[in-house]
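The values are calculated or read from the model by the stated rules, or taken from the named source; none is laboratory data. Keep in mind it's a predicted model, so treat the numbers as computed, not measured. Here the Cβ positions follow ideal geometry from the backbone for every residue, glycine too, while neighbour counts run over all protein chains shown. Remember, those area values only see protein heavy atoms, side chains included, never the ligands or the DNA or RNA. Shrake-Rupley method; radii C 1.70, N 1.55, O 1.52, S 1.80 Å.
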Amino acid sequence: MFEATLATIAECGFSRTTLTEVARRAGLSHGLVLFHFDTKERLLVETLDYLSDEYKANWQAALDASGPAPEEKLAALVEADFAPQVCQPSRVNAWSAYWGESQSRPLYLSKCGENDALYIRMLEDVCAGMNASHGYATDPARAARLIRITIEGTWLEMMTLLNPYDQQEAKCTVWTCASLLYPRHFGPDGPLAAAR
């Protein structure tokens with residue numbers, strides 16, 4: 001059901017997403033969808049929970065699988081944001097739709113707020129670790145914000161530009177940002193083989 005909802009949001013946006021269309025895509029009856037979700041609003045909120053939890057599980061798994069060094073953690077996080085399970089048109093378009101609605105739908109912000117805060121704290125800790133381990137002096141909160149905004153910006157541009165670039169170019173853009181912050185550890189193509 002959530003996959004059908006994401007596909008519908010990605011293609012139609014919020015205003016044209018209906019329980020009937022979601023049911024059709026899921027191969028279910030309208031009545032069954034209505035029975036489980038009562039309203040379109042509830043379906044959209046539960047889909048956001050699903051999307052947010054999926055994103056959190058993805059970056060946490062990447063972090064758990066990374067090495068202990070902060071540069072390994074940062075590399076794992078960037079790669080996680082471009083992993084096929086989270087960086088695909090249905091997901092990125094749905095995120096864009098939810099972000100676009102956040103001004104008028106505080107409930108969506110409240111649903112993602114805790115996961116967002118956890119991600120931000122963790123990314124700030126990784127950036128602080130780059131300072132502590134490697135002698136950088138970049139403000140960790142600002143460095144984390146730059147990396148996060150660059151990732152989210154490339155996601156948006158991949159969905160909205162007339163001639164969008166691909167995921168590899170998006171990743172290179174993020175690596176370029178990381179290389180400006182941590183030039184001994186990252187280059188425009190990713191982690192450097194040997195830190196200077």
### Residue satisfying condition, being farther than 30 Å from Val45 by Cβ, over 12 Å from the mean Cα position of the chain (by Cα) and buried (at least 17 other Cβ atoms within 10 Å of the Cβ), within set Ala137, Ala97, Ala128, Ala132
Ala128
### Query
So, of the residues in region 50-69 that are of a type in the set (A, V, I, L, M, F, W, C) and farther than 17 Å from Ala97 by Cα, which turns out to be surrounded by the fewest Cβ atoms within 10 Å (Cβ to Cβ)?
Ala65
### Task
Being under 23 Å from Gln85 (Cα atoms) and open to solvent by 60 Å² or more (accessible area, probe 1.4 Å) is the filter here, so list the residues in region 164-196 that pass it.
Pro164, Asp166, Gln167, Gln168, Glu169, Asp189, Pro191
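Condition check ((1) within 29 Å of Trp175 (Cα to Cα); (2) open to solvent by 20 Å² or more (accessible area, probe 1.4 Å)) across all residues:
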site: Met1; (1), (2): no, yes
site: Thr8; (1), (2): no, no
site: Glu11; (1), (2): no, yes
site: Thr18; (1), (2): no, yes
site: Leu34; (1), (2): no, yes
site: Leu48; (1), (2): yes, no
site: Ala83; (1), (2): yes, no
site: Val92; (1), (2): yes, no
### Query
Which pairs do you get when a residue that is within 14 Å of Ile151 (Cα to Cα) and at pLDDT 95 or above, found in region 169-196, comes within reach of a residue that is of a type in the set (Asp, Glu) and exposed (fewer than 14 other Cβ atoms within 10 Å of the Cβ), reach meaning Cβ atoms under 7 angstrom, with the pair 6+ apart or on two chains?
Cys172/Asp189; Trp175/Asp189
### Query
Scanning region 140-161 for residues that are over 20 Å from Tyr55 (Cβ atoms) and at pLDDT 90 or above, which turns out most open to solvent (accessible area, probe 1.4 Å)?
Arg142
### Query
If Glu72 satisfies every condition in (1) closer than 26 Å to Glu11 by Cα; (2) surrounded by fewer than 18 Cβ atoms within 10 Å (Cβ to Cβ) but one, which is the exception?
(1)
